[in-house]
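The values are calculated or read from the model by the stated rules, or taken from the named source; none is laboratory data. Note that the coordinates shown come from a computational prediction; the quantities given were computed from them, not determined experimentally. Glycine also receives a Cβ, built like all others from the backbone with ideal geometry; neighbour counts cover every protein chain displayed.
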Amino acid sequence: MPWSEGDFELLVRHNSPEMTAHLGGPETHEKLVDRHQRYLGLDGRRGRMFRIVTDPGGETAGIVGFWETTHHGADVWEAGWGVLPECQGRGIAASAVRLVVAEARAAGLHRHLHACPSVANAASNGVCRKAGFTLLGAEDMEYPKGHWMRCNDWRLDLTADQTQSGVQT
């Protein structure tokens, strides 16, 4: 489901120590308000955020999306996600990321979609693998501002043949 004004509470739920352990910890209320406004401002041309639901009208399971960024001097898409603890371990994140791959591909703006989970986040690294990304290696990244972490740089070529990339949409 596309991100909407009513999804702010999902950001609040997502802001727990458990959900942000690999992201530098919880954010302040003000930063959550700013993030919510950024998500609402994504119009499909500059990216898009979604509320993950298990099926139409089903339970809310988390957040997934993609946005523009610059990576090693190139303009690319970056993907991110988070699945609520009670919904983890059911393949929901990989399915949601595959849908985001299709959205980023349809936007037609950038060749590559990157994901940069912490090297310590086995679950998110597994999602990258299952969604058809290629591991380029590990590097130090600043996220959020002022917090450095070791991340894996995963990349998916959006122009590649979808059956060869392992991504089926």
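Odds and ends about this structure:
- Taking each residue of the stretch 119-146 that is under 15 Å from VAL64 (Cα atoms) and looking for partners that are assigned to a helix (DSSP H, G or I) and hydrophobic (A, V, I, L, M, F, W, C) with beta-carbon atoms closer than 7 Å, six or more apart or interchain, yields VAL127/ALA93; VAL127/ALA94; VAL127/VAL97; ALA131/ALA94; ALA131/VAL97; ALA131/VAL101.
- Check on THR163, among the hydroxyl-bearing types (Ser, Thr, Tyr), within 18 Å of TRP77 (Cα to Cα), at pLDDT below 95 and not in a strand (DSSP E or B): no
- Boolean, GLY82 is in contact (Cβ under 8 Å) with a residue 40 or more places away in the chain, among the small types (Gly, Ala, Ser) and assigned to a strand (DSSP E or B): yes
- Scanning the stretch 8-24 for residues that are touching a residue at least 40 places away in the same chain (Cβ under 8 Å) and either more than 13 Å from LEU84 (Cβ to Cβ) or within 14 Å of the chain's Cα centre (by Cα) (or both) yields LEU11, HIS14, MET19, HIS22, LEU23, GLY24.
- Residues being surrounded by fewer than 19 Cβ atoms within 10 Å (Cβ to Cβ), closer than 20 Å to PHE8 by Cβ and not aromatic (Phe, Trp, Tyr) - total across the stretch 59-79: 2
- If the condition is being touching an Asp or Glu at 6+ places or on another chain (Cβ under 8 Å) and at pLDDT 85 or above, then the stretch 142-160 contributes TRP148, MET149, ARG150, CYS151, ASP153.
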